[in-house]
Amino acid sequence: MIASNRGPVSFTLSEDGALTMRRGGGGLVSGLSEVARDSDLLWVCAALSDGDRSAVRLAPGGRLDGAGYDTGPLRMLEIAPAVFHRAYNAVANSTLWFVSHLLYNSPFTPHFDGRFQREWESYQDYNGAFALALAEEAGHEARVMIQDYHLSLTPAMLRVERPDLRIAHFSHTPWAPPEYFSVLPDEVAVEILEGLLGADHAGFLTARWADAFVSCCEVILGARVDRDRRNVTYQDRTTRIGVHALGVDGPALRARAAEPDVESHLQVIKEQVGDRRLIVRIDRTELSKNIVRGMAAYREFLAAHPEWHGKVVHLAFAYPSRHDLPEYREYTAAVQRCAKEIEDEYGTDDWDPLILHMEDDYPRSLAAYRLADVLLVNPIRDGMNLVAKEGPILSPRCALVLSREAGAAAELGADALLVNPFDVSGTATALHDALVMPEDERTNRATRLRAAATALPPQLWFADQLRALA
Ligand code: G6P
């Protein structure tokens, strides 16, 4: 079984009451959907929208597959909207996400008061609802793979209900070091760590995040840790810690990127860009993605290198995300402002130095990857970052400018141009170095990047975790 907040599909409700099903988005969902397809894994997720809630009400026991939808085995949990809002928006996204990404330069100003206490109780209830549903659905000794920071309490809660199960938890985000994790109220920090230690196996995307978790267990819980074997012993139970670097299914991605909808975007971009060089970025409009500093770096590059005026275009895709949160709405406005300033300062009648797109369009993203000379991936901190892996798979000559704080840097660092995400001038220099990189060097690097990016595609990544759990 898999459990995650966002599931493989979502529903929208039209005014006449009709329900339309769409595939869900985000790194976690795209990775796991490939694994779940054609298997008998039951996926338990939350109903996120009014459309989802309507679909659940029409499905016996919340089982969407039982209601005739082509979803694979899927149960959606209907959680009271106010509880869901506090658990997902207030705790998971406005607190835990900011802590794990060290967003201390953001609007996140830790302030834990009576209101947070109520929000935390909702997070407990939400995690409890998952534990209950999993306990109901799981067969004897079933293996349950619980995903991400939304569900950090569920492993321990489920263990109490069903000690026979083999439980794994996987974190798709970075993990904060103890000094930063300790900004959480003590009892919250302890509960989260104890929650994850309810699992037999706790998985992370890189050794760096796994080690940070182990340090938190040692410093905050006083747990016994074995760093060489990567395990943590606490209250007479041992949890094994695993590192599983999610990669990309290269052949599947290449096949998707050859489809007609991608080809037609390819023509449009080619017409826009002409024979100019192309710098691409593709992100959710997310504070941790550092889009504003990336644009500032491009601006500094243009200021320092007038010889490139009219000869380069920066195509920036910043897709909508988490718009219920004011921090994200403000960040979206900041990205738009920054793009406009560059356009106003450098644009001419026949040259758009920066083209910003904010409507989600997967085929257009794939077309941009195929044409990229340079891919800019400069997050402040990122669990893995699959954009950095997808680019080199689709463009055989793409130079990668990559933040050293992205999990992907552990595997791709030798062949990317690594940058400190806060160093705007350093990033500007890296953009220039990437543009002038000799042709043979860029293809050699891209070949090695591609090999690293496809080393552990989702199917193997998941099988690896199942093996570790066994
Ligand atoms: C990150 C998280 C995923 C999540 C994705 C999209 O990658 O690790 O769990 O699915 O962001 O976030 P959202 O809030 O839209 O589900």
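Going by the conditions given, is Thr109 modelled with pLDDT under 95, within 27 Å of Ile291 (Cα to Cα), out of contact with any His (no Cβ under 6 Å at 6 or more places or on another chain) and among the β-branched types (Val, Ile, Thr)? In short, yes. Residue-level analysis places Val144 among those that are within 23 Å of the chain's Cα centre (by Cα) and under 25 Å from Arg240 (Cβ atoms).
Candidates Val273, Val243, Val280, Val268: the one that is surrounded by fewer than 20 Cβ atoms within 10 Å (Cβ to Cβ), under 24 Å from the mean Cα position of the chain (by Cα) and not aromatic (Phe, Trp, Tyr) is Val243.
Filter region 276-325 down to residues that are farther than 19 Å from Ile380 by Cβ and either assigned to a helix (DSSP H, G or I) or acidic (Asp, Glu) (or both) and give me whichever is nearest to the ligand (Cβ to nearest atom). If we take residues in region 276-325 being farther than 19 Å from Ile380 by Cβ and either assigned to a helix (DSSP H, G or I) or acidic (Asp, Glu) (or both), then Asp324 is nearest to the ligand (Cβ to nearest atom). For region 359-397, taking the residues that are among the polar types (S, T, N, Q) and more than 16 Å from the ligand (Cβ to nearest atom), the one that is nearest to Phe170 (Cα to Cα) is identified as Asn378. When we screen Ala168, Ala90, Ala138 for residues that are more than 30 Å from Arg237 (Cβ to Cβ) and aliphatic (A, V, I, L, M), the only hit is Ala90. Of all residue pairs spaced 6 or more apart or on separate chains, those with beta-carbon atoms under 9 Å, a first member in region 166-183 that is more than 18 Å from His150 (Cα to Cα) and a second member that is in a strand (DSSP E or B) are Arg166/Arg143; Arg166/Val144; Arg166/His201. The one condition from (1) buried (at least 17 other Cβ atoms within 10 Å of the Cβ); (2) under 24 Å from the mean Cα position of the chain (by Cα) that Leu466 does not meet is (1).
Any idea which residue in region 1-50 is farthest from Trp461 (Cα to Cα), counting only those that are within 13 Å of the ligand (Cβ to nearest atom) and among the polar types (S, T, N, Q)? Among them, the one singled out is Ser49. Out of Val144, Val183, Val190, Val160, one residue alone is β-branched (Val, Ile, Thr), under 19 Å from Ala468 (Cβ atoms) and more than 16 Å from the ligand (Cβ to nearest atom). It is Val144.
Conditions tested, residue by residue: (1) part of a helix (DSSP H, G or I); (2) buried (at least 16 other Cβ atoms within 10 Å of the Cβ); (3) away from the ligand (no atom under 16 Å from the Cβ); (4) in contact (Cβ under 8 Å) with a residue 40 or more places away in the chain.
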{"residue": "Ala87", "(1), (2), (3), (4)": "yes, yes, no, yes"}
{"residue": "Val91", "(1), (2), (3), (4)": "yes, yes, no, no"}
{"residue": "Leu96", "(1), (2), (3), (4)": "yes, yes, no, yes"}
{"residue": "Phe112", "(1), (2), (3), (4)": "no, no, yes, yes"}
{"residue": "Arg115", "(1), (2), (3), (4)": "yes, no, yes, no"}
{"residue": "Arg118", "(1), (2), (3), (4)": "yes, no, yes, no"}
{"residue": "Asn127", "(1), (2), (3), (4)": "yes, yes, no, yes"}
{"residue": "Ala131", "(1), (2), (3), (4)": "yes, yes, yes, no"}
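Of the residues Arg230, Arg166, the single one that is under 26 Å from Leu386 (Cα atoms), surrounded by fewer than 21 Cβ atoms within 10 Å (Cβ to Cβ) and out of contact with any Phe, Trp or Tyr (no Cβ under 6 Å at 6 or more places or on another chain) is Arg230.
The values are calculated or read from the model by the stated rules, or taken from the named source; none is laboratory data. Fair warning: this is a prediction, and the values are worked out from it, not measured in the lab. No Cβ is skipped: glycine too gets one built from the backbone with ideal geometry, and neighbour counts run over all protein chains shown.
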